[in-house]
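The values are calculated or read from the model by the stated rules, or taken from the named source; none is laboratory data. Quick caveat: nothing in here was measured; it's all calculated off a predicted structure. Using ideal geometry, Cβ is built from the backbone for each residue, glycine included, and neighbour counts are taken over all protein chains shown. In case anyone asks, the SASA skips ligands and DNA or RNA and just uses the protein heavy atoms, side chains included. Shrake-Rupley method; radii C 1.70, N 1.55, O 1.52, S 1.80 Å.
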Amino acid sequence: MKKFEVNYLPPICYVIYTVVVVLWFISWFVIATICADLSISRNDKDMELIAVFLPVAILMIIIFIFKCFESIQTTVEYDTDKIKWKWLRIEYTANFSDIKSVNYTIIQRTRYGYNHRFEIVFCLKNGEELRLSDRLELEDIDNGINGITDDIKLMQLYRFIENVYPEKCTGFIKNNTY
């Protein structure tokens with residue numbers, strides 16, 4: 001079984017991050033309200049400082065934790081029968097017999113802070129889509145697609161699938177963001 005690592009963060013992580021930030025906004029409102037009430041009743045200026053700086057400190061901790069999670073690599077393993085990738089305890093597995101088609105695309109994102117992602121899309125026979133991507137520079141992606149370099153691990157994976165299962169590979173799908 002071949003094995004490599006990519007910079008992939010499962011979509012559920014972004015959902016969790018969004019929920020945590022929403023909860024942070026709610027807690028900020030609660031902390032500010034409580035501290036404002038205490039500072040008025042006690043005439044205490046320290047409570048006003050706590051109301052401002054405590055939520056900011058909590059937000060900085062949340063961002064730090066998310067950046068730490070973001071740096072954890074996803075391990076990809078594959079052979080002629082199946083492919084699986086795992087990030088911490090989140091694991092995706094697909095048997096090639098269950099895959100209807102495989103394609104790749106380039107995604108340009110700015111909302112998560114990354115410029116370009118090379119993404120392989122596995123379309124399963126049950127209608128589900130599994131996506132595996134890696135953050136890369138656009139020049140590296142173009143060189144990998146054009147065969148100038150063989151450094152892109154996901155492109156190597158796609159070429160492997162193309163050699164073993166040519167009928168399943170549909171090639172490059174143009175994305176609106178590219």
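Any chance the range 95-116 includes a residue that's of a type in the set (Asp, Glu), without any contact (Cβ under 8 Å) to a residue 40 or more places away in the chain and closer than 18 Å to Lys2 by Cβ? No - not one qualifying residue is present in the range 95-116. Restricting attention to the range 137-178, which residues are modelled with pLDDT under 90, surrounded by 15 or more Cβ atoms within 10 Å (Cβ to Cβ) and in a loop (DSSP other than H, G, I, E, B)? The one that is modelled with pLDDT under 90, surrounded by 15 or more Cβ atoms within 10 Å (Cβ to Cβ) and in a loop (DSSP other than H, G, I, E, B): Ile152.
Which residue, of Leu23, Leu9, Leu54, is of a type in the set (A, V, I, L, M, F, W, C), open to solvent by less than 90 Å² (accessible area, probe 1.4 Å) and at pLDDT 85 or above?
Values: Leu23 fails: open to solvent by less than 90 Å² (accessible area, probe 1.4 Å); Leu54 fails: at pLDDT 85 or above.
That would be Leu9, the only listed residue that is of a type in the set (A, V, I, L, M, F, W, C), open to solvent by less than 90 Å² (accessible area, probe 1.4 Å) and at pLDDT 85 or above.
For Asp134, are the conditions met, namely being acidic (Asp, Glu) and either at pLDDT 90 or above or touching a helix residue (DSSP H, G or I) at 6+ places or on another chain (Cβ under 9 Å) (or both)? Yes; evaluated as a whole, the condition is true for this residue.
If you scan the range 80-99, which residues turn out to be surrounded by 13 or more Cβ atoms within 10 Å (Cβ to Cβ) and charged (D, E, K, R)? Within the range 80-99, Lys82, Lys84, Lys86, Asp98 meet the criteria.
Got a sec? Which of Thr75, Thr33 is in contact with a Phe, Trp or Tyr (Cβ under 9 Å, 6 or more places away or on another chain), among the hydroxyl-bearing types (Ser, Thr, Tyr) and either at pLDDT 90 or above or surrounded by 11 or more Cβ atoms within 10 Å (Cβ to Cβ) (or both)?
Values: Thr33 fails: in contact with a Phe, Trp or Tyr (Cβ under 9 Å, 6 or more places away or on another chain).
Sole residue among the options that is in contact with a Phe, Trp or Tyr (Cβ under 9 Å, 6 or more places away or on another chain), among the hydroxyl-bearing types (Ser, Thr, Tyr) and either at pLDDT 90 or above or surrounded by 11 or more Cβ atoms within 10 Å (Cβ to Cβ) (or both): Thr75.
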